[in-house]
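First up is the structure itself, then whatever we jot down about it.
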Amino acid sequence: MWKKTIEKFEKYPSQQKVVLKLLQLGLKVTENKKICCGDVEINMSSLAKSINTDRRVIVSTIENILNDDDLKNIFANITPAGPVLSKISQPLGLGVIELEGLAEKYGILSEVSKILADERISILQVYASDPYLTLTPHMTLVTDKLIAGDTIQLLLKIDGITKVSIY
């Protein structure tokens with residue numbers, strides 16, 4: 001999915017790191033050469049520091065994005081996905097299931113949803129890593145209640161799942 005986008009920066013590894021960070025955080029590039037999270041402007045020096053590069057690399061990356069119609073269309077329209085509940089699940093009394101597996105397998109989420117529905121557990125949030133952006137594909141589900149340990153065995157039977165963790 002992101003392969004074409006990343007490949008456009010093959011000659012510029014430092015800019016490639018910037019592009020990956022923009023994608024991972026859902027940051028957009030504006031016409032006036034700013035980087036934003038929603039409508040909040042992001043300090044370029046802080047962004048550069050977070051990926052161990054120079055502010056000038058951020059500026060060059062923005063210019064390259066804005067000079068390419070395909071990249072411009074992508075990065076001008078990215079929006080952040082909102083709060084990730086898994087890190088704050090405990091004080092909220094929510095359950096978390098983290099699954100690792102094979103990204104190319106179809107129907108994993110469907111199978112997980114069926115098992116949870118049979119257990120009368122509602123899914124509040126699902127997010128998955130992009131296999132093009134991370135080494136180990138994983139999916140995290142936040143549920144309306146804590147998950148019983150025996151549910152792990154049911155989830156491990158799903159074709160394509162290699163590891164299940166419950167928090």
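Is it the case that Pro80 is touching a Cys at 6+ places or on another chain (Cβ under 6 Å) and within 30 Å of Ile42 (Cα to Cα)? Show your work before the answer.
Details: touching a Cys at 6+ places or on another chain (Cβ under 6 Å): yes; within 30 Å of Ile42 (Cα to Cα): yes.
In short, yes.
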Can you name every residue in the range 124-167 that is more than 21 Å from Leu102 (Cβ to Cβ) and either surrounded by 17 or more Cβ atoms within 10 Å (Cβ to Cβ) or touching an Asp or Glu at 6+ places or on another chain (Cβ under 8 Å) (or both)?
Leu124, Gln125, Val142, Thr143, Ile147, Ala148, Tyr167
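Before we move on, is Arg120 over 17 Å from the mean Cα position of the chain (by Cα), open to solvent by 50 Å² or more (accessible area, probe 1.4 Å) and on the phi > 0 side of the Ramachandran plot? I'd like the intermediate steps shown before the answer.
Numbers: over 17 Å from the mean Cα position of the chain (by Cα): yes; open to solvent by 50 Å² or more (accessible area, probe 1.4 Å): yes; on the phi > 0 side of the Ramachandran plot: yes.
In short, yes.
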Filter the range 100-115 down to residues that are touching a strand residue (DSSP E or B) at 6+ places or on another chain (Cβ under 7 Å) and small (Gly, Ala, Ser) and give me whichever is most open to solvent (accessible area, probe 1.4 Å).
Ser113
List the number of the failed condition for Asn64; all other conditions in (1) farther than 20 Å from Lys3 by Cα; (2) surrounded by 15 or more Cβ atoms within 10 Å (Cβ to Cβ) hold.
(1)
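Considering only helices (runs of 4 or more DSSP H) fully contained in the range 69-140, which possess at least 1 residues that are closer than 30 Å to Val29 by Cα and in contact with a helix residue (DSSP H, G or I) (Cβ under 7 Å, 6 or more places away or on another chain)? Before you say what the answer is, go through the steps one by one.
On the way: elements: 69-75, 89-92, 108-118.
So the answer is 69-75.
Okay, residues lined up against (1) at pLDDT below 95; (2) charged (D, E, K, R):
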position	(1), (2)
Trp2	yes, no
Thr30	no, no
Lys34	no, yes
Leu47	no, no
Asn52	no, no
Arg56	no, yes
Ile62	no, no
Asp70	yes, yes
Name the single residue that is least open to solvent (accessible area, probe 1.4 Å) among those in the range 11-48 being in contact with a Lys or Arg (Cβ under 6 Å, 6 or more places away or on another chain) and farther than 14 Å from Ile74 by Cα.
Ala48
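Consider Ile97 carefully, then state whether it is over 20 Å from Asp159 (Cα atoms), modelled with pLDDT of 90 or more and either open to solvent by less than 60 Å² (accessible area, probe 1.4 Å) or more than 13 Å from the chain's Cα centre (by Cα) (or both).
Values: over 20 Å from Asp159 (Cα atoms): no; modelled with pLDDT of 90 or more: yes; either open to solvent by less than 60 Å² (accessible area, probe 1.4 Å) or more than 13 Å from the chain's Cα centre (by Cα) (or both): yes.
When the stated conditions are applied, Ile97 does not pass them.
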Would you please list the contacts, defined by Cβ atoms under 6 Å and residues six or more apart or on different chains, that run from a residue in the range 144-167 that is closer than 21 Å to Gly107 by Cβ and in a loop (DSSP other than H, G, I, E, B) to a residue that is open to solvent by 70 Å² or more (accessible area, probe 1.4 Å) and of a type in the set (Lys, Arg)?
Gly160/Lys105
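Out of all the residues in the range 14-22, is one or more part of a loop (DSSP other than H, G, I, E, B) and on the phi < 0 side of the Ramachandran plot? Reasoning before the result, please.
Residues of the range 14-22 part of a loop (DSSP other than H, G, I, E, B): none.
The answer is no; no qualifying residue exists.
The values are calculated or read from the model by the stated rules, or taken from the named source; none is laboratory data. Note that the structure is predicted; figures quoted are calculated from it, not measured. When we count neighbours, we look across all protein chains shown, and the Cβ atoms used for this are built from the backbone with ideal geometry, even at glycine. For the accessible areas, the whole protein counts, side chains as well, though only heavy atoms, and no ligand, DNA or RNA atoms are used. Shrake-Rupley method; radii C 1.70, N 1.55, O 1.52, S 1.80 Å.
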